[in-house]
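Here the structure comes first, spelled out in structure tokens, and everything after it is commentary.
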Amino acid sequence: MLTIRDLHVRGGGHEILRGIDLSIDAGEVHAIMGPNGSGKSTLARVLAGHPEYEVTAGDVRYQGEDLLAMDPETRARAGVFMAFQYPVEIPGVNNAYFLKAALNAVRKHRGQDELDAMEFMSLVRDRMKLLDIDQALLNRPVNEGFSGGEKKRNEIFQMAVLEPTLAILDETDSGLDIDALKIVAQGVNEMRSPERALLLVTHYQRLLNYIVPDVVHVLTEGRIVRSGGKELALELEEKGYVGLEEAPAARA
Amino acid sequence: MATVINPAGAYTAAFRRLAARVAATQPDWVTRRRQRAIDTFERLGFPTTRDEEWRFTNVTPIAETEFVPAGDALAAGNPPAVESFRLPMATAELVFVNGRYASALSKVGSLPPGARVESLASALTSHASELEQHLAHVAEFERQAFVALNTALWTDGVFVSVPAGTVLQSPVHIMFVSTGIRQQKSDTAGGCAAITHPRVLVLAGRDSQFSIVESYLGASDGRYFTNAVTEIVLGDQALVEHYKLQAERDISYHMATIRAVAASNATFRSHSIGFGGALVRNDVVATLSGEGAECTLNGLDFADGTRLVDNHTMIDHAKPHCSSRELYKVILADRARAVFNGKIVVRPDAQKTDAKQTNKALLLSEDAQINTKPQLEIFANDVKCTHGAAVGQMDEDALFYLRARGLALRDAREFLIHAFAGEVLNKMPLEALRDRADAELLRQLTRSGAGR
């Protein structure tokens, strides 16, 4: 579903990604782990189309198409979803109104009919239960005044409504207490399906206790230095990232 | 001092013609006030950018244009724009086409006993004493050239009087429609354009409550100049919600003064929404003349192209325990310019004043520009006054967030512009007008391509 070849990315005057190779198939869950500054969030944001980065070399194919040639909204409509590490507060834009516009943009792209207000609300109520989202949150401006946990849950709630094909979770676990983490993980696990791929970007192994990955990659200094099964995460938890730079890079 | 620019004494000539026509019908006090106003105007001339109050707003295009009274130059008719701007729920709806009262287009339903909504010209005979007491006594013109011009040359407008304790459940709607004069190829650079001087006087009796909406619109591609003055007098505990929706044509000029005086515990709320005009200036001046009076001044403007919109507001805290809230926002595209000058005066005995002023500008282009200036003059020591100004461009992070969920760039921009505008529009209790302003903003954005 997603094939990244030799991806080099610059941002803020520095080379952040220095040759990423990664391949994810439908139905798989991959985790990318790495220390702060390793470039893992950059990878997530580049895949979502953030304009602040410059791709200097490499190629990304999503369902056979050139992902990097698409603008952010085209990617989203084609089924790429990134849960933001720092969801943006947008005063004055109603959460429900925004989500309905987003869903209808995606549905239109898929050749589905747009949902009216009633149909949208019945879909949304169902997903709200899954993420334990309060109705009041839906009627507030997007992310404005939300607690850290509410913002993260709102991201996964959006994902549950938009039903992407490729979901990228950028440090969704950071800032969550254990109860919130369990709710978020449960929501993500409900989304696992043979047609859908998940890429989890995280600093800590903790999340992976609840969302068990098929493949774990270790990213340091802009390169994937190791790849392995879910047990690699446990090894990292034990030994830390130090010393991994010298290990031979394995290709997934 | 301002320089007098007065093409061929056109205004003095217009004044003489008007004086000759109305001499027999208007009361002497009106004649005297008109005379004093034209004398003042001749002394002041048009303001120039050397005048601090007009530093960023050059009115030369107005000073150099020869205007003819719209009512003399143009037929009344029934411009189609009138129908789309009607407020069906209005208690009374008075329509003026090119400055003339169009009774066939207007309707005044049944009003509570003692309440009056009628053309100002007819009120001159029916309510002479009320008019004499207030007309041209609320809006000072000694240093205001455009107010002086209006005071000298007004021909009609609206008189609203709501007696003590009376509540109007639905708004009074006043529409000023201009069709303008189409340019001919033979015209000189300054050309010829139509002028109107709409005049509104609103008297809100003690404990009365009502809403009043002024809509200004252009109905063709012709050129014109609207020079409006509105005077509002609020008695004790009165509440007046004043709305102004300015949707003039982009080649028109619009100069307007709203002057309100609020007595003890009265509440004056002004919502000023502006979308049109090549050169626009609004002066909103509120005096809190009784203890416990409150005022809210809100404004939202959109300008594109090379248009200029200038909002000058002044809140005069003359007595203790008064509060004021002010929020002015402007959205600028292309090479449009805006000026905001918010003056708050707190008089020596106006203790416990609570004043808050905010001005925000959203610049949609690198070439758009705003000059913003808070001006606090505080002569009392136990007061709370805050002010803030923010000028910014579209929030790129928010834009990316919306796009990352599938919204087209154009829609994402529109969402954010609407959100910016919503802070002002959502403060308007009159839902029909809120929806109209919202729709008009969308139409303007689409037309100008500023949402792109």
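For residue B:155, the test of being out of contact with any strand residue (DSSP E or B) (no Cβ under 9 Å at 6 or more places or on another chain) and either assigned to a strand (DSSP E or B) or open to solvent by 10 Å² or more (accessible area, probe 1.4 Å) (or both) is failed. Just a yes or no: is a residue in the range A:144-154 open to solvent by less than 60 Å² (accessible area, probe 1.4 Å), within 14 Å of another protein chain (Cβ to nearest Cβ) and in a loop (DSSP other than H, G, I, E, B)? Taking every residue of the range A:144-154 in turn, at least one turns out to be open to solvent by less than 60 Å² (accessible area, probe 1.4 Å), within 14 Å of another protein chain (Cβ to nearest Cβ) and in a loop (DSSP other than H, G, I, E, B).
Table: residues versus (1) facing chain B (nearest Cβ under 9 Å); (2) basic (Lys, Arg); (3) under 19 Å from residue A:154 (Cβ atoms).
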site	(1), (2), (3)
A:98	yes, no, yes
A:101	yes, no, yes
A:106	yes, no, yes
A:114	no, no, no
A:128	no, no, yes
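With the condition kept exactly as written, say whether any residue in the range B:55-76 is of a type in the set (Asp, Glu) and surrounded by 18 or more Cβ atoms within 10 Å (Cβ to Cβ). The answer is no, given that none of the residues of the range B:55-76 is of a type in the set (Asp, Glu) and surrounded by 18 or more Cβ atoms within 10 Å (Cβ to Cβ). Contact map, the range B:193-205: first residue under 17 Å from residue B:137 (Cβ atoms), second residue open to solvent by less than 10 Å² (accessible area, probe 1.4 Å) and among the charged types (D, E, K, R), Cβ cut-off under 6 Å, separation 6 or more or different chains; pairs are B:201/B:231.
Is it the case, given these coordinates, that residue B:330 is open to solvent by 30 Å² or more (accessible area, probe 1.4 Å), of a type in the set (A, V, I, L, M, F, W, C) and at pLDDT 95 or above? Judged against the criteria, residue B:330 is not a match.
Looking at B:380, B:355, B:390, B:408, which one is within 14 Å of another protein chain (Cβ to nearest Cβ) and farther than 19 Å from residue B:445 by Cα? Walk me through how you get there before you give the answer.
Details: B:380 fails: within 14 Å of another protein chain (Cβ to nearest Cβ); B:355 fails: within 14 Å of another protein chain (Cβ to nearest Cβ); B:408 fails: farther than 19 Å from residue B:445 by Cα.
Testing whether each residue is within 14 Å of another protein chain (Cβ to nearest Cβ) and farther than 19 Å from residue B:445 by Cα leaves just B:390.
Quick one: which of B:56, B:96 is touching a residue at least 60 places away in the same chain (Cβ under 8 Å), in a loop (DSSP other than H, G, I, E, B) and under 19 Å from the mean Cα position of the chain (by Cα)? Walk me through it before giving the result.
On the way: B:96 fails: in a loop (DSSP other than H, G, I, E, B).
Answer to the check: B:56.
Scanning the range A:183-206 for residues being buried (at least 22 other Cβ atoms within 10 Å of the Cβ) and either of a type in the set (Asp, Glu) or in contact (Cβ under 8 Å) with a residue 60 or more places away in the chain (or both) gives a total of 6. Between A:60, A:46, the distinction of being within 14 Å of chain B (Cβ to nearest Cβ), open to solvent by less than 40 Å² (accessible area, probe 1.4 Å) and free of Cβ contacts under 8 Å to residues at least 60 places away in the same chain belongs to A:46 only. Taken over the range A:91-134, the criterion of being within 20 Å of the chain's Cα centre (by Cα) and β-branched (Val, Ile, Thr) is satisfied by A:106, A:133.
Among strands (runs of 3 or more DSSP E) entirely within the range B:200-255, having at least 1 residues that are crowded, with 23+ Cβ neighbours inside 10 Å and at pLDDT below 95 singles out B:209-218, B:224-234.
The values are calculated or read from the model by the stated rules, or taken from the named source; none is laboratory data. Keep in mind that what you see is a predicted model, and the values were worked out from it rather than measured. We place every Cβ from the backbone using ideal geometry, glycine too, and count neighbours over all the protein chains shown. For the accessible areas, the whole protein counts, side chains as well, though only heavy atoms, and no ligand, DNA or RNA atoms are used. Shrake-Rupley method; radii C 1.70, N 1.55, O 1.52, S 1.80 Å.
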